[in-house]
1. Which residues, counting only those in the range B:496-548, are part of a helix (DSSP H, G or I) and charged (D, E, K, R)?
2. Kindly evaluate B:Pro551 against the criterion of being under 27 Å from A:Pro297 (Cα atoms) and not in a helix (DSSP H, G or I).
3. Of the numbered conditions (1) within 14 Å of chain B (Cβ to nearest Cβ); (2) among the aliphatic types (A, V, I, L, M); (3) touching a residue at least 40 places away in the same chain (Cβ under 8 Å), A:Val195 fails exactly one; give the number of that condition.
4. Filter the range B:451-495 down to residues that are polar (S, T, N, Q) and in a strand (DSSP E or B) and give me whichever is nearest to B:Ala306 (Cα to Cα).
5. Using the structure shown, decide if A:Lys510 is of a type in the set (D, E, K, R) and at pLDDT below 95.
6. Which residue is surrounded by the fewest Cβ atoms within 10 Å (Cβ to Cβ), if the candidates are limited to the range B:331-362 and must be within 14 Å of chain A (Cβ to nearest Cβ), part of a helix (DSSP H, G or I) and of a type outside the set (A, V, I, L, M)?
7. Filtering the range A:467-486 down to residues that are among the aliphatic types (A, V, I, L, M) and in contact with an Asp or Glu (Cβ under 8 Å, 6 or more places away or on another chain), which residue is nearest to A:Ala508 (Cα to Cα)?
Number of protein chains: 2
Amino acid sequence: MADSEPIQNPPTVQPAATEGAEAPKGPSKSELKKRAKEEEKARKAAEKAAKQAELDAQKAAAEVDYATEFYGKLPLNKSQSRPRRERVQIAALTPSMDGQTVLLRARVQTSRAQGSKMVFLNLRQRTDSVQALLSVAPEKVSKQMAKWAAGLQIESIVLAEGVVKKSPEIIKSATVGDVELHLTQLHLISGLETVLPFTVDDANRPEPPETEAEDVQFKRVLLDTRLNNRVVDLRTQTNQAVFKLQHGIGHLFREYLDGKGFIEIHSPKLQGAATESGASVFQVSYFKGKAFLAQSPQLAKQMAIAADFERVYEIGPVFRAEDSNTHRHMTEFIGLDLEMAIEEHYHEVMELLDGLFLHMFRSLKQKYASEIETVRKQFPADEFKWREGPEGTLKLSFKEAVNILVEDGVPREDLDDIDTTNEKRLGRLVRAKYDTDYFIIDKFPMALRPFYTMPDPEDPTVSNSYDFFMRGEEILSGAQRVHDATLLAEQMRGKGVDPASMSSYLDAFKLGCPPHGGGGIGLERVLMLFLKLNNIRRASLFPRDPKRLEP
Amino acid sequence: MADSEPIQNPPTVQPAATEGAEAPKGPSKSELKKRAKEEEKARKAAEKAAKQAELDAQKAAAEVDYATEFYGKLPLNKSQSRPRRERVQIAALTPSMDGQTVLLRARVQTSRAQGSKMVFLNLRQRTDSVQALLSVAPEKVSKQMAKWAAGLQIESIVLAEGVVKKSPEIIKSATVGDVELHLTQLHLISGLETVLPFTVDDANRPEPPETEAEDVQFKRVLLDTRLNNRVVDLRTQTNQAVFKLQHGIGHLFREYLDGKGFIEIHSPKLQGAATESGASVFQVSYFKGKAFLAQSPQLAKQMAIAADFERVYEIGPVFRAEDSNTHRHMTEFIGLDLEMAIEEHYHEVMELLDGLFLHMFRSLKQKYASEIETVRKQFPADEFKWREGPEGTLKLSFKEAVNILVEDGVPREDLDDIDTTNEKRLGRLVRAKYDTDYFIIDKFPMALRPFYTMPDPEDPTVSNSYDFFMRGEEILSGAQRVHDATLLAEQMRGKGVDPASMSSYLDAFKLGCPPHGGGGIGLERVLMLFLKLNNIRRASLFPRDPKRLEP
């Protein structure tokens, strides 16, 4: 426990006992001589004692804790008072504030005593840290205060008051390296009541280089430990940056689409029927009946188009009851979905989606450069590359993609579909040939797509559908949809879905619906692949997979 | 079916039969006379026939459909071509475009023939509509084309080409009333394959005035019919406006919080344990085990604070397995949640939340004035009122709120809690006394709040918690939370929750957590109460309640 109370040592000055000697009557000469000797002895002893007492008093005085007000554990904050004292952010500290006294709340990242008179603390707020120095000084910082500060458990939350000092040389252990804080007060706001599973410093160290077999024993154990103690793991500067980027992706997604006349919708996750595609759905006990968790907002967003919403997007959880324990599958993830009416051709959607991704990539690089840099330190990776300039994003047809793989030696008969391994291989080939980590594959075979996909006008074995790729992994799947009820019912039956089981969906098209298309993006996949985090769980706050429902 | 093909009438000109008569030998004089008479008769008949034939030819020529290219059903759009012809929005049409030819996709809201030569159509896009006129004209608009247009089923989607004409007088039946469109081409993009359950015009009519008993038979049937056919119901101008406002609220929520240093998080809806509060949770089959649907992001957002995120918000679905069939309960709704570390006092959060609501109210009024006006037409309501100016938002303590009700005659012993009826009564009293529809109640009794609520520093029967109200209904509940693991475990036990059942949550506080507070807002409630829609289902795209999982 770090929350030990400061020990108050009251002054223990004891006045030396001095007693007047009483004169006896008629002593002998030798007696007198003896007495004189004794008196001399006593005098000397008294003198010595007095001297000692003086020394003792001096020493005691030196140990009086004149700093008791300046440190210690604060009472539990129940909003007892509101002094409205300004508090600063570490990131805002600059050499120009030299000499100013500031107050801030921070974590103790490290604490290191130098002798008994000096303590160095590294104070942390999110992605920022600063060095703080506590140095014994008369009437200000007592030895007791220094001892208490040196004993603070790391990850404690403190309220620190100090004077900003321009640092003579850059402090490399802190992100704000050009100043340090000379502490005048240090109080504990919240201590730890348990042992840290690992330190934030340890958790922030660079990962071992990626290997082809990504689930090596060493790494998996490490990730699981992190995830089991996610609250501590999330405190690393890396993770603080990762989730600022996650926020950024959502923000940029909305910003772009708001500018294109889209509105945000919220569709229900509880569904009356288990439908849509072959993917398994979770069943929910619903009062006396049952319900199912939506595996995407597909049906709802298409119904919104039939309801004249024209252009909609949704950011929300999607659920997949697939027992896949891979680096890129979770049972719950965030879908960035959109759907829009088209005027002439589904490439209107595909091009808008491309514009969306370019907007995201450019803005992330510009506005989140320092966060990306922070993540790079732990997850070294080549910078994510995409094509700018007049030639635009690389667009391959499915056939062309297959040909590239065949040329590289993959047997054509293996390529009715492009599986995960071949996807990655294609990503490497494309990167080598076209110098891009981002590309689009258009015109997937109809057999690979769900029943609501519009077939090509000329070749019914091909569909008006596309996937988008980052670093050789699919991050978006989309298509023109069937907006004609008759063709839709026909394609349902063709895929073994009973149209009667989806009547309210089918009705939406019987009531007239414009031609439309859209796509679904996996938020965590984009984040993982942009930063090359190598495991999707790192891109999710509290990930869920077949084996994990906690924390 | 509205998708009847245009009937092509090929010219049916039949040349009149003319035959030369052959002369016989030796006829008698009477015979000659008779013959002459007959010849004269035949000549006249032939003359008449020729004249008739000429007339027939003329008539047939008049009925040739010279407009076949200009109307009819288009083939199913499978992205066959991409002519890249510009299309316009109805809202963008202005008198300054007089004489311009434009192309647009729209719904047929109404279609009315005037004689056989003129058809008036009301064309609709979302909240906008314009009058279109189809008028028979040689070589341009044929009678057949007019007949076909007059027969278009309402709610069909058409591609209309026409010339913009400044309207001599404002057309009241259209939202864009200062122009009309003189159609030159009209094609069917998507017709109906079923009977409309009701017309969008009917669904857009003003609601009967609100009664105290809100579930009158008439209204309930009406709402159910709407919800059963939600795709058509959502097409009303009212609903198009309602969901633009829903989008607006989410946008303003994020805009305000982004500006205050918050980041957006996404927490899992699948939970390992059924926890948090007394509210019932839905159980999910999770592979060989079970999971539960989160009834709020409460635990996750607090854990994000323990993980140093400082200020977080989340917009996402929350699930309540409560069998409540009222005007304001759903089993799934959208929570606008936030949580933030506090420096000194929980009123920092309460004041930020107040600032958030004022930002939302002001911006909605400013930026969504026309949408609010559109909704008012169907749902007449007093304008939503809040206090501006130096005195700020009305803040009452729970005790003060109780006193207001007691003064109005409510027995004090009924007011351990303020139930829904008394909430509404309080709302009316506050409106009468303070002229505001928006106020805050602070300092709720501890007994009414969940275990994670921080008690008042002086009176442990009272808590550092607040509710926000709009028109006498709660729309936000929030508080300072307990950030100390020992006190938290104690309060859990006090409310009958086993701390062991929530160990990963409790661990977050054992690992050090700053003082913090937050709140949860019901998106649909804010929307319903701001617009006075009287039933929360109207504020949800596809509402879910104990009896409704479709559409």
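The values are calculated or read from the model by the stated rules, or taken from the named source; none is laboratory data. The structure displayed is predicted, hence computed values, not measured ones. Neighbour counts are summed over all protein chains in view; Cβ atoms, including those assigned to glycine, are modelled from backbone coordinates with ideal geometry.
1. B:Asp507, B:Lys510, B:Glu524, B:Arg525, B:Arg537, B:Arg538
2. yes
3. (3)
4. Going through the qualifying residues, I end up with B:Gln480.
5. Spelling it out, it is not the case that A:Lys510 is of a type in the set (D, E, K, R) and at pLDDT below 95.
6. If we take residues in the range B:331-362 being within 14 Å of chain A (Cβ to nearest Cβ), part of a helix (DSSP H, G or I) and of a type outside the set (A, V, I, L, M), then B:Glu351 is surrounded by the fewest Cβ atoms within 10 Å (Cβ to Cβ).
7. Filtering the range A:467-486 for residues that are among the aliphatic types (A, V, I, L, M) and in contact with an Asp or Glu (Cβ under 8 Å, 6 or more places away or on another chain), the one nearest to A:Ala508 (Cα to Cα) comes out as A:Ala485.
So that you can scan it fast, the table gives a plain yes or no per residue for (1) among the hydrophobic types (A, V, I, L, M, F, W, C); (2) surrounded by fewer than 23 Cβ atoms within 10 Å (Cβ to Cβ); (3) within 13 Å of another protein chain (Cβ to nearest Cβ); (4) more than 21 Å from the chain's Cα centre (by Cα):
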residue	(1), (2), (3), (4)
B:Ala447	yes, yes, no, yes
B:Thr486	no, yes, yes, yes
B:Lys532	no, yes, no, no
B:Arg544	no, no, yes, no
B:Arg548	no, yes, yes, no
